[in-house]
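Take a look at the structure below.
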Amino acid sequence: MMKLAYISFLLCHFLLVNYSHVASDRLRPFKSNISIPALFVFGDSWVDNGNGKYLGNPNPSSAYGVDFRVDNQSRATNGKTMADFIAQTFGMPCLPPFLSLKKSESIQFGANYASAGCGILPDIKQYTFVNCMDLDEQIMLFKSSVKNSRNSFDLSKSLIFINMGQNDMDLNKKLGYDASHDMGQYLAEPLSKRLQMLYDLGGRKFLVSNVLPLGCRPFSISQEKPTTRCVERLNTLASQFNNYLPQMLEDLQSTLLGSNFVLLDVYKGF
């Protein structure tokens, strides 16, 4: 059985804040010596770079985009997202939000299908406060766009990045989640099916992120006002999902011929 690859301590070194000193003592972004023909991103607000805008959602904060602006794009952050840093690492420009592309435009070096507010489970949509696309809808857009693309790139050598799950956990009570069940099995199995769908469409190289300590976000703390440092209920859900994910990805890699799954461990980065 092939061993699942991890990126945890490399998080800062490789993807997010990797900088190398040069003779002028200036700091420059790290660039990988590995090339990929295209990058495709699936997820929620952590990596959405503007699809929400084209779904009619207003920009919720004037601080968003203050330090990093790109025409026809918007982000739920003042700067770059993880997807932006990954593209930068491979020497790519920022991916276009898929919904920003005109019908006459074809995918050149990848696209971002992520949608703020949605999750792995389709039922999330009825409880979120914005218009969004769940993972199934994102995959369907990917399927149609790759099929209709006029550009020829090797999908098997391209990188598929997925960052999703936090909204499913935030709204788990409304979804009827039974707290006696393990959140890992509750979410990881549906995610596994979606990863197999992407494999069937030609994807072979996957970078899959776990979730950060959800209970330690300022938003969670301000909403639930815990007596402890963080909202432990949410951290427990995140840990259950994260603990289940490595074995799930390893099982996929051992059964899906030619696949390569890498786990991006963002939990340890906080």
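Every read-out reported here was derived from the displayed coordinates using simple, explicitly stated rules and does not represent laboratory data. Not measured: the values here are computed from a predicted model. Reconstructed Cβ throughout: ideal geometry from the backbone, glycine too, with neighbour counts over all protein chains shown.
A compact table of results
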{"quantity": "Across 80/103; 80/173; 173/205, pairs whose alpha-carbon gap is larger than 29 Å", "calculated": "80/173; 173/205"}
{"quantity": "Sites matching trypsin sites (Lys or Arg not before Pro) across the stretch 177-270 that sit in DSSP coil, with at most 11 neighbouring C-beta atoms within 10 Å", "calculated": "229"}
{"quantity": "Full-extension gain in nm, residue 130 to residue 157, via 0.36 nm per residue minus C-alpha separation", "calculated": "6.3 nm"}
{"quantity": "Placed amide H near residue 259: partners under 5 Å, 5+ positions off or other chain", "calculated": "none"}
{"quantity": "For the stretch 144-270, convex hull of alpha carbons as volume per residue, Å³", "calculated": "132 Å³"}
{"quantity": "R0 of 25 Å, Cβ-Cβ distance residue 230-residue 189: FRET efficiency to nearest 0.05", "calculated": "0.40"}
{"quantity": "Extension gain, residue 196 back to residue 219 (0.36 nm per residue minus Cα-Cα distance, nm)", "calculated": "5.0 nm"}
